[in-house]
Amino acid sequence: MTRVAIIGGGISGLSAAFTLEQKRRAGAALDYVLFERAPRLGGVMDTDRADGCLIEAGPDSFLTEKPWAIDLCKQVGLADQLIGSNDPDRKTYIIVKNKLIEIPDGLMFMVPTKIMPAILSPLFSLGTKIRMAREWFHPPHKADHDETVASMVERHYGPEMVDRLADPLLSGVYGGEASQLSVRAVLPRFAEMEAKHGSLGRAMLAARQKMAAIAKVPARPLFTSLKDGMQQMVDAVISRLNPESLRAGTHVQAIEAQAGGWTVSAGIDSDHFDAIILALPAPAAADLMRSTSSAITDELAAIRYSSSITVTLGYDQAVRRSLPPGFGFLVPRSEGTRMLAATFVHNKFPHRAPEDRALVRCFLGGSRDEQILTFSDDQILAIVRSELQKIIGLSAEPLFARVYKWRGAMAQYGVGHLERIDRIERLRQQIPGLAFAGNAFTGIGVPDCVRSGSEAVAKILPALGLAADPARIAAY
């Protein structure tokens with residue numbers, strides 16, 4: 001019987017366990033044990049409820065265009081539970097001098113594909129608008145080295161675009177800074193478009209027109225979630241696993257590569273496995289790899305992480321009527337607030353709040369504000385309420401409030417990240433029966449983590465004498 005240890009019980013580890021369970025049920029002679037230090041499985045995917053409202057402690061959705069999370073939901077019987085965002089109501093605002101300014105029509109991420117809405121928008125100064133017009137004539141540029149997102153965006157549109165769009169948008173996804181994140185790792189399509197077309201605006205418009213011509217179907221919603229929250233996915237996956245294989249509340253203290261396998265030590269117990277999947281944040285994986293490979297340890301330890309805080313506030317119908325339409329707002333760091341963004345959850349998704357309730361979800365932390373993790377919940381709530389009053393005039397007492405702190409939750413893909421991942425992969429291939437999964441490598445969203453778990457299984461199977469799915473390996 002082949003035995004596999006999975007260390008880490010977030011969605012990446014659960015995806016790996018589900019893939020192994022499918023193979024086990026199909027007749028493969030294998031078994032697995034999933035170790036998780038925390039008392040519950042699921043990691044940051046945790047759903048709470050209060051006053052009839054559904055509250056997400058971590059991610060509230062995932063990108064629809066990335067198929068792996070939707071595929072997993074369908075495999076675990078949740079196809080009829082998938083819901084899309086209310087895109088007809090999708091407006092997003094940028095805060096400029098304490099005023100809400102709507103992101104203009106035709107702006108795809110931070111690239112204007114319609115000149116007139118951008119030209120007429122008060123979001124940009126005259127100088128930036130002139131650069132937007134000139135950008136359509138930008139010559140092709142194939143970089144011979146990696147660079148930051150800020151560097152690329154500033155080259156095309158100037159520093160104001162970095163401050164008012166690139167940085168707030170990336171802060172919301174990565175909790176990082178455009179001046180630190182790698183273009184090739186974070187926005188690879190931008191690098192490809194610049195090399196081929198020069199102008200990002202012309203390239204993005206051409207891509208949109210091509211897709212519209214090919215697919216004569218209504219556009220899918222930008223975000224997908226589940227009727228009962230993201231934990232519904234976690235619970236459905238767990239229900240398909242062997243309960244005897246799940247060891248929540250178990251701290252793996254050491255792993256050791258030995259001839260023919262691995263020894264996993266958790267507390268006073270040690271166990272032997274033929275292969276191991278580390279579905280952990282990179283620093284935690286580095287700690288466990290110290291006795292096996294100093295080179296992999298150094299590479300993993302060099303991947304930085306940022307922390308985040310989500311604060312959800314519930315209000316009555318009067319507040320709901322007073323709030324702006326749309327999904328919420330982003331706050332440039334130049335505004336001097338600690339809040340990075342806020343979502344009007346009751347507008348973004350159905351089934352999140354009754355008609356007489358408003359649900360406002362705020363985000364703080366990120367790579368520039370790790371200090372706020374040391375603040376008490378009351379201090380954080382005071383900051384959020386003060387800034388909501390300053391930004392949108394919301395001074396009402398909330399009906400309820402929830403604060404969730406996620407220390408070291410979001411990997412930061414700095415310049416040279418893809419080269420680092422290639423080095424880790426080459427080193428990993430020299431150690432039989434070892435694979436990594438999680439948000440440290442090729443994507444931080446839920447779909448990317450799901451994919452990383454299933455592909456980690458595909459990587460260890462050949463070393464175990466078991467057939468791997470060639471399609472999954474090709475997708476890596």
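The values are calculated or read from the model by the stated rules, or taken from the named source; none is laboratory data. These numbers come from a predicted model, not from an experiment. A quick note on method: Cβ atoms are made from the backbone with ideal geometry, for glycine too, and the neighbour counts reach across all protein chains shown. Side chains included, ligands, DNA and RNA excluded: accessible areas come from the protein's heavy atoms. Shrake-Rupley method; radii C 1.70, N 1.55, O 1.52, S 1.80 Å.
Of the chymotrypsin sites (Phe, Trp or Tyr not before Pro) in segment 135-166, which ones lie in a loop per DSSP and count no more than 16 other C-beta atoms within 10 Å? Here the sparse-neighbourhood loop sites are TRP136, PHE137. Between segment 248-325 and segment 354-381, the alpha-carbon centres lie 23 Å apart.
Taking GluC sites (Glu not before Pro) across segment 15-86, the ones in a DSSP loop with at most 16 further Cβ atoms lying within 10 angstrom of their Cβ are GLU65. Amide H contacts under 5 Å for THR64: PHE223, THR224, restricted to partners 5 or more places along the chain or on a different chain, H placed in the peptide plane at 1.01 Å from N. Using a probe of 1.4 Å, the accessible surface attributed to MET110 totals some 0 Å² when neighbouring protein chains are kept in position. Here the Karplus curve 6.51 cos²θ - 1.76 cosθ + 1.60, taken at θ = phi - 60°, turns the phi angles of segment 271-286 into couplings of 9, 9, 9, 7, 8, 9, 10, 9, 9, 10, x, 4, x, 5, 5, 4 Hz, with x standing for Gly and Pro.
Annotation: amide H-H contacts under 5 Å for ALA50 (H modelled 1.01 Å from N, sequence separation of 5 or more, or interchain): ILE55.
Taking the alpha-carbon centroid of each part, what is the distance from segment 1-70 to segment 149-187 in angstrom? The distance from the Cα centre of segment 1-70 to that of segment 149-187 comes to 31 Å.
For segment 359-474, the per residue solvent-accessible surface stands at 42 Å², with DNA, RNA and ligands left out and a 1.4 Å probe.
In order along segment 138-144, the Karplus-derived 3J(HN,Hα) couplings, from 6.51 cos²θ - 1.76 cosθ + 1.60 at θ = phi - 60°, round to 5, x, x, 9, 9, 5, 8 Hz, and Gly and Pro are given as x. Restricting attention to the chain, close to 75% of DSSP beta bridges with both partner residues there are antiparallel. Taking label points 7 Å from Cα along the Cα-to-Cβ direction, ARG368 and LEU466 give a separation of 4.7 nm. The accessible surface of the chain, taken with every protein chain in place and a 1.4 Å probe, is 53 percent carbon and sulfur.
Among the listed pairs LYS114/LYS227; LYS91/LYS227; LYS129/LYS390, a Cα-Cα separation exceeding 24 Å is found for LYS114/LYS227; LYS129/LYS390.
Globularity index of segment 341-445 is 1.53 (Cα radius of gyration / 2.2 N^0.38 Å, N = number of residues). Which log10 I(q)/I(0) values does the chain give at q = 0.07, 0.10 Å⁻¹ under the Debye formula, counting every alpha carbon as one identical point scatterer? After summing over all Cα pairs, the log10 values are -0.39, -0.80.
Name the shape class, rounded, prolate or oblate, that the alpha-carbon gyration tensor gives for segment 245-296, where a ≥ b ≥ c are the square roots of its eigenvalues, rounded holds for a/c under 1.5, and otherwise prolate holds if a/b is larger than b/c and oblate otherwise. In terms of gyration-tensor shape, oblate.
Here the 3J(HN,Hα) profile of segment 109-123, calculated from phi with Karplus coefficients 6.51, -1.76 and 1.60 at θ = phi - 60°, is 6, 10, 9, x, 9, 10, 6, 4, x, 5, 5, 7, 6, x, 5 Hz, Gly and Pro shown as x. Over segment 1-120, the Kirkwood radius and the radius of gyration, each from Cα atoms, give a ratio Rg/Rh of 1.13.
Amide H contacts of TYR305 (H built 1.01 Å from N, in plane; Pro and chain starts excluded): GLN412 sit under 5 Å, all sequence-distant by 5 or more or on other chains. Annotation: per residue accessible area for segment 280-343 equals 35 Å², rounded to a whole number [probe 1.4 Å, protein chains only].
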